[in-house]
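Colleague: Quick one: this structure, given as structure tokens, is what I'll be asking you about.
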Amino acid sequence: MPNRVLVAPSLLAANHGDFAAGITAIEAAGLEWVHLDIMDGHFVPNISFGPQVLADLRARTRLFFDTHLMLLHPDKYIEAFARAGAQRITVHVEADHDVARTLARIRELGCAAGIALNPDGDPSAVLPHLHTVDLVLCMTVFPGFGGQAFIPSTVETIRRLGDERTKRGLNYRIEVDGGINPETAALCRAAGADTLVAGTSFFKAADRTALARSLIG
Ligand code: DX5
Ligand code: ZN
């Protein structure tokens, strides 16, 4: 049975001086997940926020913390994010770590584990890990900044991961991240994506509930 389509707004596009208001906006739109983009200035050329922000927000919300680590050494920080209340931790296959070991440690810490692939990444890099994750994140822009344009060639990667899911009888989620709006969401859903990260399109929408509905399709 296909996974229910979920929208995960990214706090990266919210006011960083008032994340609590961003959380309230997501809840008010009737959504269940928040996407937390963690950047270290090494794996990507930008810095966002750290585990203390998650810990403080954890006390205010029951939203599912979908945590995307854009860190060169994610293995050094997974424990801090798990303790801060992350429920899923997604790490990049391109980062500098023993990927299988990091994924196992994420699960040991009681979190769901995800694997992320850059938009120019070869999908075969994640194939050995598909049976150990419950989410594959296909970057649809180069990670580092919100507000970029969707890269159309990533649709092929989504399709490949969708085919692999069917072939192996697995049910990991396929999450897309970057430049997602109603038009690109439809392309991604048609290719097999079921989890839609939306930063700019969500926080800039005049009617966020309607925007979320149109992403779900
Ligand atoms: C990019 C982040 C994305 C980003 C999406 O590095 O991983 O989650 O915030 O933002 P939009 O939706 O603005 O492209
Ligand atoms: Zn992200």
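Colleague: Simple spin-label model, 7 Å along Cα-to-Cβ: residue 1 to residue 46 in nm?
Modeller: About 3.7 nm separates the two model spin labels.
Colleague: I've got another one for you. Under a point spin-label approximation (7 Å from Cα along Cα-to-Cβ), what is the residue 163-residue 98 distance to one decimal in nm?
Modeller: 3.3 nm
Colleague: Report the label-to-label distance for residue 109 and residue 210 in nanometres (one decimal), using points 7 Å from each Cα along the Cα→Cβ vector.
Modeller: Once both label points are built, they end up 4.0 nm from each other.
Colleague: If exposed trypsin sites (Lys or Arg not before Pro) are those in a DSSP loop with at most 15 other Cβ within 10 Å, what is the longest stretch of the chain that has none?
Modeller: Details: sites that count: 4, 60, 62.
Counting at most 15 other Cβ atoms within 10 Å as exposed, the longest clean stretch of the chain is 63-217.
Colleague: With the Cα gyration tensor of the chain in hand, convert its eigenvalues to equivalent ellipsoid semi-axes via √(5λ) and list them largest first in whole Å.
Modeller: Working: eigenvalues 104, 92, 50 Å².
Computed over the chain, the values are 23, 21, 16 Å.
Colleague: Under a 5 Å amide H to amide H cut-off, with H placed in plane at 1.01 Å, what residues pair with residue 114 once short-range neighbours are removed?
Modeller: Correct list: 89, 90, 91.
Colleague: Tell me, what is the FRET efficiency for residue 20 and residue 79 to the nearest 0.05, using R0 = 25 angstrom and their Cβ-Cβ distance as r? Write down the numbers at each step before the final one.
Modeller: Working: r = 25 Å, r/R0 = 1.01.
Result of the calculation: an efficiency of 0.50.
Values in this text are rule-based calculations from the coordinates and carry no lab data. Computed from a predicted structure; not experimentally measured. Positions of Cβ are generated from backbone atoms using ideal geometry, with glycine treated the same way; all protein chains shown enter the neighbour counts.
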